[in-house]
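Student: Input: one structure, supplied below.
The values are calculated or read from the model by the stated rules, or taken from the named source; none is laboratory data. From a predicted model like this one, the values you see are computed outputs, not experimental measurements. Counting neighbours? That spans all protein chains shown, and the Cβs are built from the backbone with ideal geometry, glycine included. Side chains included, ligands, DNA and RNA excluded: accessible areas come from the protein's heavy atoms. Shrake-Rupley method; radii C 1.70, N 1.55, O 1.52, S 1.80 Å.
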Amino acid sequence: MKTLLARSITVALLALFFIQSSFATCGGGGGGGGGGMSNGGNNTSSAPVYVVPWKVRKPSDAPAAGLILYWFPTSVDEMKKSSLRESRTLSLYASQCISMEWADGHTPNADKLIGESRLPIAVLAKPDGTPINKVDNTNGKLKVADVEKLVDGEMKQRETTLDGEMKDAAAKVKAGDKDGAVAIYKGVLEQKCLFPKKVKEASKQLKALGVVDIAAIPLSPIFERRQSALIEQTMRRGLIAELNARYILANQLYTKAHVMDPADPTPLRYLGENYRHNIGDWNKAREMFEAILNMPADPLSRSVALHGLGKMTIHDGEFKKGLALMEQAVTEYPLALAYRNLAVYWNSEGDPVKGNEYTEKALALDPKDPYNLVFAAVFMAANGKKDQALKIARENINLMPASYNLAAIFAQNGHRDKALALLRRHFFQYERYQAVRTKEMMEARVDAVFESIRTDREFIALTRGADGRLPVPMKGMGTQNR
């Protein structure tokens, strides 16, 4: 029943986007935070932290810079439930020029990659698609530990080769063949993305030989299993704290994880989103996001950083610059949050075709997400499907981060008291920081979904902390999607 409902809502929302010409975007809740990834209301120890940035390669994508790890799944259901979806090891390798790609029979060189194997399989390949090694399934399933070993094994073998080259270079130095040694060390430098630690050693030797024009060498992330497990455990505790609205504790734990491994972009991603979405300290959020963009980082982390910077830039009034950042975000990695905000942007610009295009992409990533369901119901209520919208709202009434959109549904259905109660819950229970609250109160005052209570004394009193930066009511309708 729930599956059928989710499908019908998805279809309805897509249709409504062609009808609705514009709507306003609001301040927060039910969209951001949590490292930029929706957790579907999951606030338990099973909430994902290190999501592997698997994506489908498009013809417009730049060629792979290092290796490619192909995952040939058997179904969409496998793609959603497989253990390959979460792995700190694979996430870190994605920061080191190993592209994580979903593949099928249409993938270039698919026949050679698959060979005689039965799907699902994982194949590690060179940038041109030449297979190196692969992992076959066990009883129809791929195990993430086996795939991690596949990549670890290849990386260790290549590292051993580099060690041999470094020894040859050292021998040439002793023999007085400086030029020969320099040539070898410079060859090692070309492996900067895959092997930053070895490149650092080669850089040191080159400087000793008088070579000074050497680019900065990035830090090498921690892959050691015990330390990695401690970092992941710390991050998981941080996420649970955040999902339970303990934002300061979450920041402390994310910061601890960052200190444990400064080369890991994931703690910075969670810090940036927590500052941006939950705490409202946009200066700190920018600092975190810019740090990600200035270090080797996986596509997911870069996408979240670009989206966050874009969203804040739009709020600051630099609309085109912010739009460009969000478009760059989804080029890096297909992020549902960025797709929704791109839909918001283009609908507010009176371009429902582009709005629909981005909405389709967001819904395709997760049409059953509870925040998406409530988001859809706001549109249903605005377009006359009030009973369906109320049904969805009542089924998700305890979804605290969606309180604003739930209030919008009830307001559009004439339920004044319930709408005010949900707005009060949003402002004073869900949101904890005045820096966020003042923006959202102002946006509620100009949001068309609250037209029926805009002049209500209790509504005016409830939003008295509004910052006054949006004095003119916006046309269309508003939904929360930070």
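Student: So is Glu232 within 18 Å of Thr89 (Cβ to Cβ) and part of a helix (DSSP H, G or I) or not?
Tutor: Numbers: within 18 Å of Thr89 (Cβ to Cβ): yes; part of a helix (DSSP H, G or I): yes.
Yes; evaluated as a whole, the condition is true for this residue.
Student: Shifting gears a bit: Scan region 249-287 residue by residue and report those that are among the basic types (Lys, Arg), closer than 12 Å to Gly32 by Cα and either in contact with a strand residue (DSSP E or B) (Cβ under 9 Å, 6 or more places away or on another chain) or modelled with pLDDT of 95 or more (or both).
Tutor: Going through region 249-287, the residues among the basic types (Lys, Arg) turn out to be 256, 269, 276, 284, 286.
Now narrow it down to the ones that are closer than 12 Å to Gly32 by Cα: 269, 276.
Selection gives Arg269 alone.
Student: Still on this structure, please answer the following. Here's a check for you: in region 73-90, which residue that is charged (D, E, K, R) and either at pLDDT 95 or above or under 19 Å from Asp264 (Cβ atoms) (or both) is surrounded by the most Cβ atoms within 10 Å (Cβ to Cβ)? Working first, answer last.
Tutor: Narrowing region 73-90 to residues charged (D, E, K, R): 77-78, 80-81, 85-86, 88.
Filter once more, keeping what is either at pLDDT 95 or above or under 19 Å from Asp264 (Cβ atoms) (or both): 85-86, 88.
Details: Arg85: 16, Glu86: 17, Arg88: 23.
That would be Arg88.
Student: For region 111-136, what are the residues that are closer than 21 Å to Val76 by Cβ and touching a residue at least 24 places away in the same chain (Cβ under 8 Å)?
Tutor: Once the filter is applied, which keeps residues that are closer than 21 Å to Val76 by Cβ and touching a residue at least 24 places away in the same chain (Cβ under 8 Å), region 111-136 yields Leu113, Ile114, Leu119, Pro120, Ile121, Ala122, Val123.
Student: With respect to the numbered conditions (1) assigned to a helix (DSSP H, G or I); (2) under 20 Å from Pro53 (Cα atoms); (3) not small (Gly, Ala, Ser), which one is the sole condition not fulfilled by His277?
Tutor: The failed condition is (2).
Student: Return the pair list, or none, for Cβ contacts closer than 9 Å from residues in region 150-177 that are at pLDDT 95 or above to residues that are among the basic types (Lys, Arg) and open to solvent by 30 Å² or more (accessible area, probe 1.4 Å), at least 6 apart or on different chains.
Tutor: Filtered contacts from region 150-177: Leu150/Lys134.
Student: Within region 438-462, work out how many residues are touching a residue at least 40 places away in the same chain (Cβ under 8 Å) and either in a loop (DSSP other than H, G, I, E, B) or under 26 Å from the mean Cα position of the chain (by Cα) (or both).
Tutor: Count: 5.
Student: From the list Ser38, Ser46, which one is at pLDDT 55 or above, farther than 30 Å from Gly105 by Cβ, open to solvent by 40 Å² or more (accessible area, probe 1.4 Å) and in contact with a Leu (Cβ under 9 Å, 6 or more places away or on another chain)?
Tutor: Working: Ser46 fails: in contact with a Leu (Cβ under 9 Å, 6 or more places away or on another chain).
Going through Ser38, Ser46 in turn, just one is at pLDDT 55 or above, farther than 30 Å from Gly105 by Cβ, open to solvent by 40 Å² or more (accessible area, probe 1.4 Å) and in contact with a Leu (Cβ under 9 Å, 6 or more places away or on another chain): Ser38.
Student: For region 443-462, name all the residues that are open to solvent by 40 Å² or more (accessible area, probe 1.4 Å), closer than 23 Å to Asn383 by Cα and at pLDDT 90 or above.
Tutor: Step one: of region 443-462, the residues open to solvent by 40 Å² or more (accessible area, probe 1.4 Å) are 445, 451-452, 454-455, 457-458, 460-461.
From what is left, the residues that are closer than 23 Å to Asn383 by Cα are 445, 451-452, 454-455.
Answer for region 443-462, where residues must be open to solvent by 40 Å² or more (accessible area, probe 1.4 Å), closer than 23 Å to Asn383 by Cα and at pLDDT 90 or above: Ser452, Arg454, Thr455.
Student: Hey, could you check region 51-67 for residues that are among the hydrophobic types (A, V, I, L, M, F, W, C) and open to solvent by 30 Å² or more (accessible area, probe 1.4 Å) and say which is modelled with the highest pLDDT?
Tutor: The first filter runs over region 51-67 and keeps only residues among the hydrophobic types (A, V, I, L, M, F, W, C), leaving 51-52, 54, 56, 62, 64-65, 67.
Those still in the list that are open to solvent by 30 Å² or more (accessible area, probe 1.4 Å) too: 56, 62, 65.
Values: Val56: 90, Ala62: 82, Ala65: 83.
Checked region 51-67; the qualifying residue modelled with the highest pLDDT is Val56.
Student: Taking Ala245 as meeting all but one of (1) in contact (Cβ under 8 Å) with a residue 40 or more places away in the chain; (2) closer than 16 Å to Pro48 by Cα; (3) open to solvent by less than 60 Å² (accessible area, probe 1.4 Å), write down the number of the exception.
Tutor: (2)
Student: So, of the residues in region 105-161 that are open to solvent by 80 Å² or more (accessible area, probe 1.4 Å) and of a type in the set (Lys, Arg), which turns out to be nearest to Lys198 (Cα to Cα)?
Tutor: Here the answer is Lys156.
Student: If you check Tyr93, Tyr70, which single one turns out to be part of a strand (DSSP E or B) and surrounded by 22 or more Cβ atoms within 10 Å (Cβ to Cβ)?
Tutor: Every option except Tyr70 fails the conditions.
Student: Of all residues in region 73-90, how many are assigned to a loop (DSSP other than H, G, I, E, B), among the β-branched types (Val, Ile, Thr) and closer than 20 Å to Gly35 by Cβ?
Tutor: Step one: of region 73-90, the residues assigned to a loop (DSSP other than H, G, I, E, B) are 73-75, 82, 87.
Narrowing the set further to residues that are among the β-branched types (Val, Ile, Thr) leaves 74.
From the residues that got through so far, the ones that are closer than 20 Å to Gly35 by Cβ too are none.
Residues in region 73-90 being assigned to a loop (DSSP other than H, G, I, E, B), among the β-branched types (Val, Ile, Thr) and closer than 20 Å to Gly35 by Cβ: 0 in total.
Student: Ok, one more. Given the residues Val123, Val135, which is the only one that is within 21 Å of Arg225 (Cα to Cα), touching a helix residue (DSSP H, G or I) at 6+ places or on another chain (Cβ under 9 Å) and of a type in the set (A, V, I, L, M)? Let's see the steps before the verdict.
Tutor: Values: Val123 fails: within 21 Å of Arg225 (Cα to Cα).
So the residue among Val123, Val135 that is within 21 Å of Arg225 (Cα to Cα), touching a helix residue (DSSP H, G or I) at 6+ places or on another chain (Cβ under 9 Å) and of a type in the set (A, V, I, L, M) is Val135.
This table checks each residue for (1) charged (D, E, K, R); (2) within 36 Å of the chain's Cα centre (by Cα); (3) surrounded by 13 or more Cβ atoms within 10 Å (Cβ to Cβ).
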{"residue": "Gly180", "(1), (2), (3)": "no, no, yes"}
{"residue": "Leu189", "(1), (2), (3)": "no, yes, yes"}
{"residue": "Ser203", "(1), (2), (3)": "no, yes, yes"}
{"residue": "Glu224", "(1), (2), (3)": "yes, yes, no"}
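Student: Another question about this same structure. If you check Glu327 against the conditions, is it of a type in the set (Asp, Glu) and buried (at least 20 other Cβ atoms within 10 Å of the Cβ)? Let's see the steps before the verdict.
Tutor: Working: of a type in the set (Asp, Glu): yes; buried (at least 20 other Cβ atoms within 10 Å of the Cβ): no.
Considered against the rule, which asks whether it is of a type in the set (Asp, Glu) and buried (at least 20 other Cβ atoms within 10 Å of the Cβ), Glu327 comes out as no.
Student: Exactly one of (1) within 30 Å of Met400 (Cα to Cα); (2) touching a helix residue (DSSP H, G or I) at 6+ places or on another chain (Cβ under 6 Å); (3) open to solvent by less than 60 Å² (accessible area, probe 1.4 Å) is unmet by Arg237. Its number?
Tutor: Of the numbered conditions (1) within 30 Å of Met400 (Cα to Cα); (2) touching a helix residue (DSSP H, G or I) at 6+ places or on another chain (Cβ under 6 Å); (3) open to solvent by less than 60 Å² (accessible area, probe 1.4 Å), the odd one out for Arg237 is (3).
Student: Give region 407-424 a look and list any residue that's assigned to a helix (DSSP H, G or I) and surrounded by 17 or more Cβ atoms within 10 Å (Cβ to Cβ), or say none. First the steps, then the outcome.
Tutor: Just the residues of region 407-424 that are assigned to a helix (DSSP H, G or I), to begin with: 407-412, 416-424.
If the condition is that a residue be assigned to a helix (DSSP H, G or I) and surrounded by 17 or more Cβ atoms within 10 Å (Cβ to Cβ), then Ala407, Ala408, Ile409, Phe410, Ala411, Gln412, Lys418, Ala419, Leu420, Leu422, Leu423 are the ones that fit.
Student: Can you pull out the residues in region 387-403 that are closer than 25 Å to Leu335 by Cα and not in a helix (DSSP H, G or I)?
Tutor: Of everything in region 387-403, those that are closer than 25 Å to Leu335 by Cα and not in a helix (DSSP H, G or I) turn out to be Asn396, Leu399.
Student: Residues in region 281-307 that are closer than 15 Å to Ala94 by Cα and open to solvent by 10 Å² or more (accessible area, probe 1.4 Å): how many?
Tutor: Looking only at that region, the number is 6.
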